[in-house]
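Visitor: Okay, handing you the structure first.
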Amino acid sequence: MGAPVIDRQLPTDDAAALLDLTRDLATRELAPRAAEAERTGEFPRELFRTLGRAGLLGLPYPEEYGGSGQPYEVYLQVVEELARAWLAVGLGVSVHTLSCHGLASFGTEEQKRRWLPDMLGGELLGAYCLSEPHCGSDAAALRTRAERQPDGDYLVTGTKAWITHGGVADFCTLLARTGGEGAKGISAFLVEAGTPGMVAAPAERKMGMKSSVTAQVVFDRARVAEQRRIGAEGEGFGVAMAALDAGRLGIAACAVGLAQAALDVAVEYAGERTAFGRPIGDFQGVSFLLADAAAGVEASRQLYLAAARRKDAGRPYATQAAMAKLVATDTCMKVTTDMVQVLGGAGYVEDYPVERYMREAKVLQIVEGTNQIQRLVIGRALLDR
Amino acid sequence: MNIVVLVKQVPDTNSERRLTDSDHTLDRASADVVLDEINERAVEEALRLQEAHGGEVTVVTMGPDSATDALRKALSMGADKAVHLSDAALHGSDAVQTARALAKVIGTVEGVDLVLAGNEATDGRMGAVPAMVAEVLGLPALTHARKVEVDGSTVRVERETDEGVAFVEAALPALVSVGEKINEPRYPSFKGIMAAKKKPVTTLGLADAGIDAAEVGLANAATTVVEAAPKPPRSGGQKVEDAGDGGVRIAEFLAAQKLI
């Protein structure tokens, strides 16, 4: 039982054991529940605790703060396997990991010692509050204000939009304006859920990924202590963008996992379903669809891994991350659409998961920077000398 | 409180399981092998008791070299150390021989207060070894536990069988075998997997454990499998065409099977 094991090139025996554990969790805990939860829209909070206890909510962070010290190359393949079994969970792990990125990369030693172990420990879940109703792609135009008070604390007022885990997260990384217009007026904060003046709106009703909660988070004079500011005032945009580069790799890994899942279903179906007295996979019209899908999935996988290895080696990787996100998610959209085609009528009904995969794929072309923004990032890198 | 958990590596129940043609023993090479599911529950119960009462959890297995993987799984869940009895001469040992050998191995662990086991393994399904081990060691045997509590030097067990539930207790040291309903075993954590590599695994041969080679193995076993054949494939079943008497004929069929 379970999906076919993908032969992965992993750097260590530990990483291989981690992927074994991930597959075990995906097969036994995720896969059997995904379809039902996507139908009812119930958020699997307890499942994230199970993953957390297994150590999957702090993989790419240092062991001294409670992480597992795994390279992105390994962490992302874990995300891929989780997304293959249940996209909302794989994406949730990616978002949680992203929400820890600011503190881990830009926090002071004291801040990291105080908060990071709990954030990575598995019992807590994070959210990332950057987008606003009037600005998503143009993040530097955000309007949520953090007003400095005489005692040094901040009062935060404004509305954040499209927040994954909005209302269910235990903490969030928040970007708010402490200074003037533009990117240089933005600061980053680590905010605890339940802070008075912070409430989540009712969850959005999405086209897919219904079990993942997405909601606006509204701040109304919410008091945030000065010690919770990450980096200096005005450095927030840099904190946000660094996290986004890493987050894009997470989305690329999710896209590969989802496309692989669609391919898995279609390959099995093409081997069993017969037409004109033969399995439909014997017809080139079908096998070429599968071949193109498999090639696209593997190319996308290698692209996000190449970007991840650059990041792990400390080399610049923002452009490669944008490329990986762009190619992997566009490929995922094409693959999931084509795999519905392989199943024909069976692909269009809810008895098989591929129609759901196709709906879910769409969101990956939008989140963590639309694919138009990814092209913008790549284009600028080409032309800005 | 020091606990020994008896564990066994078995063929995955999801894979095809066979006996070898040569001596009708388990064909270990043909199937994926895993730590028996019920043993995971025994390990889980030991870890919960340890969390409440302290002490050390030692996992013990008898099996070929590959059974180390089953020990590692238990160690990655949180057990402290492991003892592996491995010797070619043990091949084909029956339940009594196995129980005697395991009793010797348990004897090498110091200060054992409680021995935990699964009530039967998914491969042989004898369901006899735990009680036999208790007999050899002179310990009280509390089998088929669905709940285990330790209070001072007393162990209390809810024993569930087809006949019902019995509440039994014994003074420690004792042996308890657990049933499927006792708990949901934890997943190993990634850190647990890494830590398990550094935990001590003692490998014993027959001589190390003080076992006489003449007492174990297929040639000296009290039971022998004379013949084995695969289960015949399922037949299509029996169709009842309703010619007005369908209900009666189904009732007759069920009555003949002693189902009604």
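Visitor: Out of curiosity, is residue B:115 part of a strand (DSSP E or B), out of contact with any helix residue (DSSP H, G or I) (no Cβ under 7 Å at 6 or more places or on another chain) and at pLDDT 95 or above?
Guide: no
Visitor: Cβ-Cβ under 7 Å, sequence separation 6+ or interchain: first residue in region A:19-33 and assigned to a helix (DSSP H, G or I), partner of a type in the set (S, T, N, Q). Which pairs?
Guide: Pairs found: A:19/A:77; A:29/A:50.
Visitor: Then there is this: Which of the following residues is on the phi < 0 side of the Ramachandran plot, surrounded by fewer than 22 Cβ atoms within 10 Å (Cβ to Cβ) and part of a helix (DSSP H, G or I): A:310, A:301?
Guide: A:310
Visitor: Hey, can you tell me all the residues within region A:182-200 that are at pLDDT 95 or above, surrounded by fewer than 17 Cβ atoms within 10 Å (Cβ to Cβ) and part of a loop (DSSP other than H, G, I, E, B)?
Guide: Across region A:182-200, the qualifying residues are A:196, A:197.
Visitor: If you don't mind, there's one more thing I want to ask. Restricting to strands (runs of 3 or more DSSP E) lying wholly in region B:1-64: which have 1 or more residues that are touching a residue at least 60 places away in the same chain (Cβ under 8 Å) and under 14 Å from the mean Cα position of the chain (by Cα)?
Guide: In region B:1-64, B:3-7, B:9-11 are the strands (runs of 3 or more DSSP E) which contain 1 or more residues that are touching a residue at least 60 places away in the same chain (Cβ under 8 Å) and under 14 Å from the mean Cα position of the chain (by Cα).
Visitor: Still on this structure, I have one more. For residues that are touching a residue at least 60 places away in the same chain (Cβ under 8 Å), touching a strand residue (DSSP E or B) at 6+ places or on another chain (Cβ under 7 Å) and not hydrophobic (A, V, I, L, M, F, W, C), scanning just region A:162-220, find the one that is farthest from residue A:91 (Cα to Cα).
Guide: It comes out as A:220.
Visitor: Could you go through region A:247-258 and let me know if any residue there is surrounded by 24 or more Cβ atoms within 10 Å (Cβ to Cβ), basic (Lys, Arg) and farther than 21 Å from residue A:357 by Cβ.
Guide: Scanning region A:247-258, I find no residue that is surrounded by 24 or more Cβ atoms within 10 Å (Cβ to Cβ), basic (Lys, Arg) and farther than 21 Å from residue A:357 by Cβ, so the answer is no.
Visitor: Quick one: would you say residue B:202 is assigned to a strand (DSSP E or B), at negative phi and in contact with a Pro (Cβ under 8 Å, 6 or more places away or on another chain)?
Guide: When the stated conditions are applied, residue B:202 does not pass them.
Visitor: Something else about it: Could you identify the single residue in B:207, B:195 that is in contact (Cβ under 8 Å) with a residue 60 or more places away in the chain, in a helix (DSSP H, G or I) and closer than 20 Å to residue B:68 by Cα?
Guide: B:195
Visitor: Here are some residues: A:56, A:25, A:51, A:76. Which one is in contact with a helix residue (DSSP H, G or I) (Cβ under 7 Å, 6 or more places away or on another chain) and farther than 18 Å from residue B:76 by Cα?
Guide: Residue meeting the stated conditions: A:76.
Visitor: Right, next: If residue A:122 meets every condition in (1) buried (at least 24 other Cβ atoms within 10 Å of the Cβ); (2) more than 23 Å from residue A:313 (Cα to Cα); (3) out of contact with any strand residue (DSSP E or B) (no Cβ under 8 Å at 6 or more places or on another chain) apart from one, which number is that one?
Guide: It fails just one condition, (1).
Visitor: May I ask you to list the residues in region B:227-259 that are modelled with pLDDT under 85, within 36 Å of the chain's Cα centre (by Cα) and of a type outside the set (D, E, K, R)?
Guide: B:228, B:229, B:230, B:232, B:233, B:235, B:236, B:237 - these are the residues of region B:227-259 that are modelled with pLDDT under 85, within 36 Å of the chain's Cα centre (by Cα) and of a type outside the set (D, E, K, R).
Visitor: I'd like the full set of residues that are away from chain B (no Cβ under 13 Å) and at pLDDT 95 or above, limited to region A:8-35.
Guide: A:8, A:10, A:11, A:31, A:32, A:33, A:34, A:35
Visitor: In region A:36-57, which residue that is surrounded by 15 or more Cβ atoms within 10 Å (Cβ to Cβ), in contact (Cβ under 8 Å) with a residue 60 or more places away in the chain and in a helix (DSSP H, G or I) is farthest from the other protein chains (Cβ to nearest Cβ)?
Guide: For region A:36-57, the residue satisfying everything is A:38.
Visitor: Condition first: more than 21 Å from residue A:95 (Cβ to Cβ) and surrounded by 24 or more Cβ atoms within 10 Å (Cβ to Cβ). Can you find one or more residues in region A:266-274 that meet it?
Guide: Yes, some residue in region A:266-274 is more than 21 Å from residue A:95 (Cβ to Cβ) and surrounded by 24 or more Cβ atoms within 10 Å (Cβ to Cβ).
Visitor: From the list B:71, B:35, which one is within 14 Å of chain A (Cβ to nearest Cβ), surrounded by 18 or more Cβ atoms within 10 Å (Cβ to Cβ) and under 26 Å from residue A:14 (Cβ atoms)?
Guide: Within the list B:71, B:35, the selection yields B:35.
Visitor: Can you give me the number of residues within region A:134-150 that are part of a loop (DSSP other than H, G, I, E, B) and either farther than 16 Å from residue A:218 by Cα or of a type outside the set (A, V, I, L, M, F, W, C) (or both)?
Guide: Number of matching residues: 8.
Visitor: What's the total number of residues in region B:192-202 that are surrounded by 16 or more Cβ atoms within 10 Å (Cβ to Cβ) and within 14 Å of chain A (Cβ to nearest Cβ)?
Guide: Count: 4.
Visitor: Out of all the residues in region B:128-167, which are polar (S, T, N, Q) and farther than 13 Å from residue B:116 by Cβ?
Guide: Hits for region B:128-167 are B:153, B:154, B:161.
Visitor: Among the candidates B:234, B:156, B:146, single out the residue that is touching a Gly at 6+ places or on another chain (Cβ under 9 Å) and outside any helix (DSSP H, G or I).
Guide: B:146
Visitor: Identify the single condition in (1) among the aromatic types (Phe, Trp, Tyr); (2) exposed (fewer than 14 other Cβ atoms within 10 Å of the Cβ); (3) within 14 Å of another protein chain (Cβ to nearest Cβ) that residue B:167 does not satisfy, given that it satisfies every other one.
Guide: In the conditions (1) among the aromatic types (Phe, Trp, Tyr); (2) exposed (fewer than 14 other Cβ atoms within 10 Å of the Cβ); (3) within 14 Å of another protein chain (Cβ to nearest Cβ), residue B:167 misses (3) alone.
Visitor: Sticking with this one: Run residue B:169 past the list (1) out of contact with any helix residue (DSSP H, G or I) (no Cβ under 6 Å at 6 or more places or on another chain); (2) in a loop (DSSP other than H, G, I, E, B) and report the number of the one that doesn't hold.
Guide: Failing condition for residue B:169: (2).
Visitor: Here is a further query. I need the full set of residues from region B:172-191 which are within 14 Å of chain A (Cβ to nearest Cβ) and part of a loop (DSSP other than H, G, I, E, B), in order please.
Guide: B:184, B:185, B:186, B:187, B:188, B:189
The values are calculated or read from the model by the stated rules, or taken from the named source; none is laboratory data. None of the values given here were measured: they were computed from a predicted structure. All Cβ positions, glycine included, derive from the backbone under ideal geometry; neighbour counts span all protein chains shown.
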